[in-house]
Each structure stands twice: as structure tokens, then as C-alpha cells.
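*Asks:* Handing you this structure, nothing more for now.
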Amino acid sequence: MFYLPTKIVFKIEAVKAAAEQLRGFGKKPLIVTGARSAIASGAQQDVTALFEDYQVYAEIKENPELGSIMRGAEVFKQSGCDFVIGIGGGSPLDAAKAISVAAANQLDIDQLYSTQLFQKAYPIVAIPTTSGTGSEVTQFSVLSDERSGKKAGWGHPLAFPVLALIDPRYTLSLSKEVTQNTAIDALSHLLEGLYSANREPLCFPMIHKGIGLIVKNLPLALKDPGNLEARTALSQASIYGGMTISQSSTSLQHSIGYPLTSEFGVPHGLANGIVMKQIMKLYKPAVHELLDEAFGSFHFNMESFFSWLDDLNLNADVQITEEFISQRVPEVMSSRNMLNNPLEVSAEQIADIFMSLM
Ligand code: NAP
Ligand code: FE
């Protein structure tokens, strides 16, 4: 089955092109964003030019915390907003989804993962300023519980944005680090479309194309951050990655990265990247034909892919201890993504991957 109810506008000046549709969602949007991205990318200016009245909530930090969602829902209600526009990387986009359902269903902080209570949502518009998470076309929201230090995602059909406006120019202001990390996140999503036990063959052509776009264009964007053609290709790959996980969800490749982010502050995409080879080797017996087909579509194979990855020099400062292993391996084992692995994965195998980072 393939279900994706988001209207996607992917072009230069996407916001302008969708002005009438945007205004159709209401009179006063809550713009949910982070400290810099909406301004630095130019997206906020493009959006606010279209509305007489709007409220900006720019309190979203990386790996958004539950408290910031609750405060955002309060601002939404108190300022009389009627829909939400998320502008930013995955963090503000995921926060925009959570704020919409929290406000619409009067959720309290302990109910932000209680998807069975989600009866309605205010319209959610997503305007990405990174090319990585694909959150603009997914039903997922990944949040961090500041009380437990645990990061986890939820998914609900009501959280699909009604409209995704992707203008690759908004990614021109990204640093090299964020460019690289977010592209690796998109790459993870595409690979997970092959790994997932719930893989959707309808997505395979997008997956093949998306992986090839990243392999070719990430080095170009890193060399010349102003290369709009390469930026456009990375945005396209990121949309494909989001469309893919919206159908088949993520796997251990993602859940093993969450503790690395919560415990050591490793950016999300990088956390996926430093375990990418280990996960591919682990899954290989179950998915080697699918991988051969994907890499072969752009004249690569697993070996050349690994040397491409090596050239990126992905590194993170993590101090894996016995305590980390004993606390975090059970957390990974109990994550919902584990149901998606293409073969059975043991706690020892997860511990081994963590220990390979020592
Ligand atoms: P992010 O956490 O949203 O942003 C990373 C950094 O980049 C922030 O400092 C941000 O600034 C900055 N930034 C963003 N766009 C910029 C721009 N155009 N110019 C300059 N700086 C910019 O990063 P992300 O990798 O896109 O999102 C990661 C989050 O998404 C994680 O929590 C991850 O778990 C989640 N995720 C969600 C899904 C999904 O399907 N929903 C999938 C994968 C990952 P600000 O301070 O202004 O924000
Ligand atoms: Fe991701």
C-alpha cells in the first residue's frame, strides 16, 4: 500500500507559487521554527509577506523537547492561530506537527506520544530548510523527553503535512556540517526503504534514484555550497527518502542512533552515518540483492559505496562505556523500529555495533 496525502510543491519560489493555497488554510498561522534557520534561509520573509497577521514561535531547538511543544501549543491557542507552518530542519517541522496535535486535542505533556488520543489536527504546512529528514512528507515526529533523556518518534496519519513547500534555495545557507549530516540522514532513509521488513517495492525506483543523487551531489555541494543544482538534487533525494519512510518506516539504522544523540549530542544524520557500514554488513545476508540492484543502478557496488563513505570522514566524539551499553541496548531493543529489521537482531549484535565506535 502507498498512502501519502501531502500536496508537494518542489520548485524555486515554491512559497510564492502556493500563496493562494497557503492563505486558504486560515487567517493566522503559527510559524514554528528555530533560532536562525527561518531567517537565514529567507523562508520566513517569503511566508510573512503573504499574511497580514501571524505569530512566530522560534523556540525550537535541535531534537525538540516536550516542554517546547507544550509552550508552542499554548502560544497557538492564546494567540488565536488557525494553522501551523513549520519552517526549518526536521526539528522545527517535527515540532510543528506535535504542536498541531497537542493544541487540537488538548494534550498534556504525558500524552504527546499517546497517538490513540489524536482525534484531529490543525492544518500543518512544512517548509524544509535542510535536505535530510524528509519530515515535510512524513507522518512522523521525533521528540526528546527531557525528563528521561530518551529520544523517540511517533507516527500518525493526522501528522502528514497538508502542504510541503520545498525551495532548494533555502538550503544554500547551510553549513558544510549540516549539509553533510542531513544528506546522510536522507541516505539512511533511502537505504531503510530496502532494509525494512515492510519495504514497499513501489518506492524502489525513487530509492535507487535518491541514493545515486546523494552519492553524486553531496561532494559537489560540500565543495561549492552555492551550487544550486547540487542543492536541488539533495532536496529531491530528501523528499524521496521521506516518501520512502512514510511507507515502510525506519529500522535499527535509526533507533541505534537515537541514544548517540541523547547521550553525546551527536547530530541525527551523523549518528546514522557512523553506524551505516556496520548496519549494512549486519543486514547484508537478508538484503544483498536489493543493495546490488540499487548500487548497480548508478554503476556502484557495496565496496565503492563504502569507499565513498570513507571519503566523507564521518567522526563523532562518543565515549561508549559499559554503563551506556547496559542502559541503552535495552532501550534500542524495545524501540518500535526493531519490528522492521529484515532479520532477527540480538542485543549482543547491537552492543557490538556500539562497541565498534570505541
Ligand atoms: P535540525 O535539528 O532541524 O537543524 C540543525 C541545525 O541546522 C540547527 O542549528 C538549525 O538552526 C540549522 N539550520 C537549519 N536550516 C538552516 C539553514 N537553511 N541555514 C542555516 N542553518 C540552518 O536538523 P535536521 O537534521 O534537519 O533535523 C533533525 C531532526 O529531525 C532530529 O530530531 C531527527 O530525529 C528528526 N527526524 C525526523 C524525521 C521525520 O520523518 N519526521 C526523519 C528523520 C529525522 P535553528 O537553530 O534555526 O533550527
Ligand atoms: Fe532520520
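What follows is calculated from the coordinates using simple rules that are stated; it is not laboratory data. Model, not experiment: these values are computed from the prediction. Cβ coordinates were reconstructed from backbone atoms using ideal geometry, including for glycine residues, and neighbour counts include every protein chain displayed.
*Asks:* So how long is each side of the chain along the principal axes, counting just the alpha-carbon atoms, biggest first, in Å?
*Replies:* 55, 43, 39
*Asks:* Restricting to the chain, compute how many DSSP beta bridges are antiparallel as a %, nearest 5.
*Replies:* Details: 6 of 25 bridges.
The answer is about 25 percent antiparallel.
*Asks:* Just how many % of Cα pairs in the range 174-355 lie over 22 Å apart, if you round to the nearest whole percent?
*Replies:* Values: 6914 of 16471 pairs.
Considering the range 174-355, 42 percent of its Cα-Cα pairs are separated by more than 22 Å.
*Asks:* Can you list the trypsin sites (Lys or Arg not before Pro) in the range 64-142 that are in a DSSP coil and have 16 or fewer other beta carbons within 10 angstrom? Walk me through the numbers on the way to the answer.
*Replies:* Values: sites: Arg71, Lys77, Lys97, Lys120; in loops: Lys120.
When the trypsin sites (Lys or Arg not before Pro) of the range 64-142 are filtered for loop state and at most 16 Cβ neighbours within 10 Å, Lys120 remain.
*Asks:* Arranged by the count of other C-beta atoms within 10 angstrom, fewest first, what order do Thr182, Thr321 take?
*Replies:* Numbers: Thr182 28, Thr321 12.
The most exposed by this proxy come first: Thr321, Thr182.
*Asks:* Taking other Cβ within 10 Å of each residue's Cβ, how do Met1, Met280, Met70 sort, fewest first? Can you show the working numbers first?
*Replies:* Details: Met1 6, Met280 20, Met70 17.
In order of increasing Cβ crowding within 10 Å: Met1, Met70, Met280.
*Asks:* Then there's this: log₁₀ I(q)/I(0) of the range 7-170 at q = 0.08, 0.09, 0.17 Å⁻¹, via Debye over equal Cα point scatterers, no solvent, to two decimals?
*Replies:* For the range 7-170 at q = 0.08, 0.09, 0.17 Å⁻¹, log10 I(q)/I(0) is -0.19, -0.24, -0.90.
*Asks:* Among the listed pairs Lys7/Lys97; Lys28/Lys151; Lys28/Lys120; Lys97/Lys281, give every one whose C-alpha distance is greater than 23 Å. Spell out each step's value before the answer.
*Replies:* Numbers: Lys7/Lys97 16 Å; Lys28/Lys151 31 Å; Lys28/Lys120 19 Å; Lys97/Lys281 34 Å.
Beyond 23 Å between Cα atoms: Lys28/Lys151; Lys97/Lys281.
*Asks:* Can you give me the Cα centroid spacing of the range 127-175 and the range 46-94 in angstrom?
*Replies:* 13 Å
*Asks:* Give me the percent of Cα-Cα pairs in the range 230-328 that sit more than 21 Å apart, rounded to a whole number.
*Replies:* On the way: 2133 of 4851 pairs.
Tail fraction, whole percent: 44.
*Asks:* Please identify the helices of the chain, taking whole runs of DSSP H, that span at least 27 Å along their own axis as judged from the Cα atoms and have a mean Kyte-Doolittle score of 0.5 or higher. Mind dumping the intermediate values first?
*Replies:* Details: long enough: 176-195 (28 Å, -0.05); 204-223 (29 Å, 0.85); 228-248 (30 Å, 0.10).
Counting only whole DSSP H runs, the qualifying helices are 204-223.
*Asks:* Given axes a ≥ b ≥ c from the Cα gyration tensor, I'd like to know whether the range 300-358 is rounded (a/c under 1.5), prolate (a/b larger than b/c) or oblate.
*Replies:* oblate
*Asks:* How high is the relative contact order of the chain, given as a whole-number percent (alpha carbon pairs under 8 Å, six or more residues apart)? Kindly include the intermediate steps, with their values, before the conclusion.
*Replies:* Values: 698 pairs, mean separation 57.3, N = 358.
Taking the mean separation of contacting Cα pairs over the length of the chain, I get 16 percent.
*Asks:* Sort Tyr3, Tyr57 so that the residue with the fewest other Cβ atoms within 10 Å of its own Cβ comes first and the one with the most comes last. Mind showing how you got there, number by number?
*Replies:* Working: Tyr3 9, Tyr57 23.
So the ranking, lowest neighbour count to highest, is Tyr3, Tyr57.
*Asks:* Per the helix-only calculation at 222 nm, which mean residue ellipticity applies to the chain, given -39500 (n - 2.57) for every DSSP H run of n ≥ 4 and division by its residues, nearest 500 deg cm²/dmol?
*Replies:* Working: 16 runs with 181 residues, N = 358.
It comes out at -15500 deg cm²/dmol, rounded to the nearest 500.
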